[in-house]
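The values are calculated or read from the model by the stated rules, or taken from the named source; none is laboratory data. Keep in mind the model is a prediction, meaning the values are calculated, not measured. Here the Cβ is made from the backbone with ideal geometry for all residues, glycine too, and neighbour counts use every protein chain on show. The area values use the complete protein model at the heavy-atom level, side chains included, leaving out ligands, DNA and RNA. Shrake-Rupley method; radii C 1.70, N 1.55, O 1.52, S 1.80 Å.
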Amino acid sequence: MIFHPFGKYILLLKAVFRRPEKWSIYRREIFREMDSIGVGSLWIISIISVFLGAVTTVQTAFQLVSDLIPKSVIGGIVRDSSILELSPTISAIVLAGKVGSSVSSQIGTMRVTEQIDALEIMGINSPGYLILPKIIGAVVTIPLLVIISIALSIFGGYLAGTLSGAVTPADFVNGLKSGFVPFTFTVSMVKSVIFAFIITTVSAYQGFYTEGGSLEVGIASTRAVVISCIMILVADYITAQLLL
Amino acid sequence: MIEIQDIHKIFGENHVLKGISAKFEAGMNNLIIGGSGSGKTTLLKCMVGLHEPDEGHVIYDGRDFTRMNFEERIEIRKEIGMLFQSSALFDSMTVEENIMFPLNMFTTQNKKDRMERVNFCLERVNLEGKNKLFPSELSGGMKKRVGIARAISMQPKYLFVDEPNSGLDPKTSIVIDELINEITDEYNITTVVVTHDMNSVMGIGENIVFLFNGQKEWEGSNKEIAHTDNKELNDFVFASKFTQAAKDKL
Ligand SMILES: Nc1ncnc2c1ncn2[C@@H]1O[C@H](COP(=O)(O)OP(=O)(O)OP(=O)(O)O)[C@@H](O)[C@H]1O
Ligand SMILES: [Mg+2]
């Protein structure tokens, strides 16, 4: 049961990575996608990131009841959890909702209104033209969004910690600086790239094989989000297991 | 010339096409007619490879399309123009961008030449000056005409047209028929038109294939159709009392 869709997904990817008919047209599409995925998601990623950091600080402070542990630990915890898990994974889940559903409904609508057939008739490799720019756009911009998310999350943590008095600014900054393992950042970027690939390809697959009408387009886009989220968490676990 | 041999298409339990063979000559208006749901669109889509026929062959000037691989098919498709029943315009692009799209993708012409070609095609379908409108701002008939303009922008060798007249007023409808007729003659295109429209059948039908029950029930020209004694065809073409009376006068 599960092998048939998986095979179809692989075949679709094979078609996506055929040589483009004309690079200049693809390049323009890639910039368009980078704008819509990257710039278009900046706002929502920024807001959630500040709150992610803030919540982490408050909850860590709440759990640190022992006086033996210095408060500066909070800074380190906010930094590591933002980099390793919160920023890449929560951003990916939010983007699966925002970008995934739009990719799937856009391609699904083109399918049911025969626009994909029209591309095919012209002799255009429709999976390549429609999906490749989205994959590249996402794989480039989502890691950048995650970097911004990490910065804002730490900033949110700093803000919440100092405003609530849970930790002094100096302690927080001390914690931030001590014990940083650069490799965690690498892991974070690897995750972001994998998540970006999952979001766009899973959603494009759901849209590309939509059959029927507008009702089915809606169903496909819901399914795109649900499957993307599950795949993101599975991939999250696997990368953590393999890399850490 | 396009030749189809023994085309079968089955959707689940529904045996839509039960072995259809025909020849469509270049420079000729080839019409496929038949009742709603008789499989006209399905036959057209089998011919261009949007549906895989379950059996049979489609041969473009001696080249067997059904046996070709992806790259070979792409080459044939660059010679094909098609108007879809639903028009299938790219709704994120303006009229101009729709028509220019295949030119951008496959030609090395400069912007000015491409623009000229777009305007020429728009003029031919009586839509000059509508360049900047989006498909959502067009009426159904205008969409059809933009669809035709897009289909002819690359000067196809083979032109497939699915219901060019549905949703058009009689006058525009005749303009479109004449356009199809003209370009077919002018560039010696192999044109296949699916239609319900009896004006078109009588007006431009040089070679007519009548589908009934998944089979080719009748084949002939518009001159022959008036004198046919095929019952199914008669019932289909001269369905109304008005047309029946007109026929009796012939
Ligand atoms: N993709 C599909 N999947 C399943 N059945 C289909 C599909 N496309 C068409 N059919 C069936 O094939 C039959 C013929 O459909 P088709 O669209 O070819 O008719 P048509 O002659 O073009 O009709 P109309 O004049 O109304 O456009 C119908 O019974 C339809 O239900
Ligand atoms: Mg039809």
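Measuring with a 1.4 angstrom probe and ignoring ligands and nucleic acids, B:MET28 comes out at about 60 Å² accessible. Computed with every protein chain present, the accessible area of A:LYS177 is close to 150 Å² [probe 1.4 Å].
Please compute the per residue accessible area over the protein assembly as shown with all protein chains in place, 1.4 Å probe, rounded to a whole number of Å². Before the final figure, lay out the partial values.
On the way: 22750 Å² over 494 residues.
Result: 46 Å² per residue.
Summing charges over all other residues whose Cβ lies under 9 Å from the Cβ of B:ILE208, with Lys and Arg as +1 and Asp and Glu as -1, gives -3. What is the helix-to-structure angle for A:101-112, meaning the angle in degrees between its Cα long axis and the longest Cα principal axis of chain A, kept from 0 to 90 and rounded to the nearest 10? Helix A:101-112 and the main axis of chain A meet at about 10 degrees.
In what sequence, largest accessible area first, do A:VAL65, A:VAL225 appear using a 1.4 Å probe?
Descending order: A:VAL65, A:VAL225.
Leaving ligands, DNA and RNA out of it, report the carbon-plus-sulfur percent of the accessible area of chain A at a 1.4 Å probe. Summing carbon and sulfur atoms, their accessible area is 73 percent of the total for chain A. What you get for the protein assembly as shown, charging only the Cβ of Lys and Arg (+1) and of Asp and Glu (-1), is a dipole of about 1440 debye around the Cα centre.
Computed from the C-beta positions of B:LYS247 and B:ASP6, the FRET efficiency with R₀ = 22 Å rounds to 0.10.
Volume per residue of the convex hull around the Cα atoms, evaluated for region A:22-243, comes out as 129 Å³.
Rounded to the nearest 20 debye, the dipole size of chain A about its Cα centre is 420 debye, using +1 on the Cβ of Lys and Arg and -1 on the Cβ of Asp and Glu. Only protein heavy atoms count here; on that basis, with a 1.4 Å probe, A:CYS229 has an accessible area of about 30 Å².
Farthest towards the positive end of the charge dipole of chain B, among the residues B:PHE84, B:GLY35, B:GLN109, is the Cα of B:GLN109, using unit charges on the Cβ of Lys, Arg, Asp and Glu.
The GluC sites (Glu not before Pro) of region A:15-114 include none that meets both criteria, a DSSP state outside H, G, I, E and B (loop) and at most 14 other C-beta atoms within 10 angstrom of the site's C-beta.
Summing +1 for each Lys or Arg and -1 for each Asp or Glu among the other residues whose beta-carbon sits under 14 angstrom from that of A:ILE199 gives +2. Need the list of lysines near B:LYS249 for cross-linking: C-alpha distance under 23 angstrom, and skip anything on the same chain fewer than eight residues off. Within reach: B:LYS223, B:LYS231, B:LYS241. Restricting attention to region A:22-243, lysine pairs at least eight places apart or on different chains and with alpha-carbon atoms under 22 angstrom apart total 5. To the nearest ten degrees, helix A:126-164 and the longest principal axis of the Cα atoms of chain A are 20 degrees apart. Among A:ILE107, A:ALA204, A:THR186, which residue has its Cα positioned farthest towards the positive end of the charge dipole of region A:22-243, with +1 placed on the Cβ of Lys and Arg, -1 on the Cβ of Asp and Glu, and the dipole taken about the Cα centre? It is A:THR186, whose Cα lies furthest towards the positive end.
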